[in-house]
Structure formats: C-alpha cells, structure tokens
Amino acid sequence: MKRNGKIESMTWQLTSKEGKIAALYVRVSSNDYGQNGERRESVPLQIEKAKAYAEKQGWQSKLYDKDCDISGMEDIADRPSILELMLDIKAGRVHTVIFRAIDRLFRNKAEGYKFFYEVAKPNGINIISLTEPIDITTPYGEQMLDQLLGSAQTVPLARAKESRDSKDKMATDGTLRTRPALGYTVIESDGKRSGIIKESEAAIVREIYKRYLAGEGLSKIGKSLNEQGKRGKCGGIFYNFNISQIIRNAIYKGELVYNGTSCATPYPAIIDAETWAQANAQLKRRGYKGGTSSRNKSLLAGAIKCGYCHSKLKTGGKQISSDVYIMAKLNQRGKVYRLYRCNTFVRLGKSNCSESIGLGADMVETFATDWLKYIVENKSEKGTDLKAAQAKLEYINAK
C-alpha cells in the first residue's frame, strides 16, 4: 500500500496475548447527541458491549474512558486516554484494542494514521471494531481500515458544512439565532425573537465609545470600569481585547454581520453609525489588532498560577501604565529575558494583586521538565499520574 509517497508492507503481524490485556476504548463527544438531547451511543452501552466481547474471548481488560466530551478531530496530544493507551502499547502491556466503531477512536485521518501505523502496527496490536468488518491481518482488512478512517473524518466535515449552510439561510431570512451582546436581552413571541436594549448594560457600551473617542486608551477604560465594579455580559472583567470587540461589533449600530455579509437583525442600535465608524477608524489608526501573538506562547503559559490571587501566569506583553509592569525585561548586557507574571497584576495593577515579582521563564520551564523526568525515572507517583507525566514528557521532547 502506498502512503505519503512510500510503499508499505500489507502484513500486520500480531503480538502474543500472553501476559497482556485488551484495551477497551470508549468515547462520546459533545457533538454526539440526538435531537432530543440523548447521546447516540452512550458510554455505559459502549463499555457493556466491549467488556462482553473481551470476556467472551477470555481476555483480561482495561478501560480507557477519559476522552469523553473530547472531539475525535482533536490532536492526540489533547486526548489523555489515547496518550495513555499509546504508552501502554509501547510498554508491551496491550495485545488488542476494542472499540464500538472507528469514529470512536478517531475522526482525524492524519492522527489515526499516526496511531495505527506508527504505534499499533509496529507493536503487533490487534484491532477489533464491534460494528465494522476489520481484519488487519489481511491486505483487504488494512485497506478497509484506511477507508473507514477517511469516512470517519468526512462525517463531521459534512455536518459542519450542513450547519454553515443552515446558518447562511437563516441569516438571509433574518432568523439567525445569535447570543445577545452586552447591552441587549432577547424575548421570544410566537417563535420570533426580538432584541431589547438593556439600559444598565447599554450605558457601559456608550461610555466605552465616548471615552475612546475622547482619547482614552483601552487599558485605562478597562481599569476604570473594573474599579467601578462594572462587568461584561457574563460577569467577567474588562480588558483590552473584549473592549476592542465591543468597539468593532457592528450590532451596536443596528447591523448584524455574518460571514462578512450584513443581515437582518432583531437588535436596535445603541449608538449611531457615525460614532461607530469614528471609533473603528481610531482603533485602526492606533494599530490595535487584538488577540494573542504566537510569538508569546510559552511552555507553561496558563498552566501555573499566582500564589496570591490564583490568576494564571503568562509571558509576553508590554508596559501598560505606571503601576503595571512589563513581562519581558533587559538584563545588564541588554539581552531580553522572559518572565512569567500574574495576569491579574499585569492587566489591573497593584489594587487587584500585590504579587509583582516575576519568575524567570527559562528557570521555571527547566524545573518543570526536570520534575517530569524525575517522576518518570523514579516512578515516585501513582500509576495514572506517572503515565500522564511520561506521555506529556514525550510530547515536550518531540517538540
């Protein structure tokens, strides 16, 4: 069989079952629901069928069920049960993988190839689907596996296209159901939705536009609103990004934009079109793009927390005001070095968190990696924790 420009052997030699277990893999994602909110293939039912099959064969088994509510389209690195299963296969603890259907294991063809042809096949793992005719010891069976992987990926892509087409039609008809933005609430009558201005929230929106056009920066506006106790639609604090989203949102001038096209909207305007245009022109002139730069991504960003306020520590950024420190500094030789700083302190200042000391990024990341190595090499933690640490360490080293 030809894959990635290479001819591969069709022979899949199975490993011995002696002293090994059968892996029972189950998964259901948040998208796998029926019309009445019921799961199409519940996890208990998957477990029951897989266990029954293993018991009928006289095999000891182990359950891998930590990937529930994780999409099969996700990368292997984001699926703890797949990572644990791969680790057990490489350690020679598994002889067979049992699952309801191939789409329970993978809906991502590329990730499926990694698992089957880089892990399962080299280790002689038998593949048992309870609903599909797969016999990977034959050329036909291996070809069937390839076809099923392709089909499993096609289904969610087709669903996504169907959803997009449906939303496009609703947008054209003026019936697109959107989540109300800050400043609005929605009422429904006879199946029709009407947007109503919520004055307590609309006042915040008008204040943001007024102050921004008066020359105040996003950070200053956000800090002032937070100190006044004002909050966003879901109760969150204001910061640069969500304030810029409010300024960019055309809904506030009474226009709903979907996929770059203006659609009919049930929401009345909170500000006039001229004010909206002036604010957006100023936002563009000041060069604010919003979002997170890929250059600032760090190994532990968001994974470690401030010991004072428990906010996440992040790297990157710049000086925002007199009492808010930058997260990257120059050493005595003029070289930039990265720091992990409390995100709350950086964005909101000393009044919200007094932990101003930054942690050297290189030092923290080296410590974390060394600690993972220590856990793996000394086997000083419980089995599950050890496997998770070892799997994560493999991916860190691979990168």
Two pseudo-spin positions, 7 Å from Cα along C-beta at Cys309 and at Gln245, lie apart in nanometres by 2.0 nm
Put Glu255, Glu199, Glu74 in order of accessible area, largest first, probe 1.4 Å, and you get Glu199, Glu74, Glu255
Taking 216-222, 16-22, 229-235, 48-54 and ranking on average Cβ neighbours within 10 Å, highest first, one gets 216-222, 48-54, 16-22, 229-235
Counting only protein heavy atoms and leaving out ligands, DNA and RNA, the solvent-accessible surface of Asp165 at a 1.4 Å probe, in Å² to the nearest 10, equals 80 Å²
Extension length gain for Ala203 and Ala110 (0.36 nm per residue less Cα distance), in nm, is 28.5 nm
Neighbours of Lys253 by Cβ distance under 14 Å: Lys/Arg at +1, Asp/Glu at -1, summed charge -1
Once phi for every residue in region 100-111 is put through the Karplus expression 6.51 cos²θ - 1.76 cosθ + 1.60 (θ = phi - 60°), the whole-Hz ³J(HN,Hα) values, with Gly and Pro written as x, are 5, 8, 4, 6, 6, 7, 8, 10, 10, 4, 4, 5
Residue span Asp370 to Glu74: 0.36 nm per residue of separation minus Cα-Cα distance leaves a gain in nm of 103.8 nm
Each label sits 7 Å from Cα toward the beta-carbon; between Arg164 and Thr131 the label points are separated, in nm, by 2.6 nm
Note: probe point = Cα of Leu213 + 7 Å toward Cβ; backbone nitrogen < 17 Å; residues of region 262-283 passing the test are 269-283
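Give me the extension gain from Glu227 to Lys192: residue separation times 0.36 nm, minus the current Cα-Cα distance, reported in nm with one decimal.
8.8 nm
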Whole-Hz Karplus couplings 3J(HN,Hα) for region 70-86, θ = phi - 60° and coefficients 6.51, -1.76, 1.60, Gly and Pro as x, run 10, 5, x, 7, 5, 5, 4, 4, 9, 10, x, 5, 5, 4, 5, 4, 4
Under the Karplus relation with 6.51, -1.76 and 1.60 and θ = phi - 60°, whole-Hz ³J(HN,Hα) for region 204-214, x at Gly and Pro, equal 5, 4, 4, 5, 4, 4, 4, 6, 5, 5, 7
Beyond 18 Å (Cα-Cα) in this structure, taken from Lys17/Lys62; Lys167/Lys253; Lys66/Lys373; Lys20/Lys109; Lys20/Lys51, we find Lys167/Lys253; Lys66/Lys373; Lys20/Lys109
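The values are calculated or read from the model by the stated rules, or taken from the named source; none is laboratory data. Being a predicted model, the structure only gives us computed values, none of them experimental. Backbone-built Cβ (ideal geometry, glycine too); neighbour counts: all protein chains shown. Quick note on the areas: whole protein, heavy atoms, side chains included, nothing else; ligands and nucleic acids left out. Shrake-Rupley method; radii C 1.70, N 1.55, O 1.52, S 1.80 Å.
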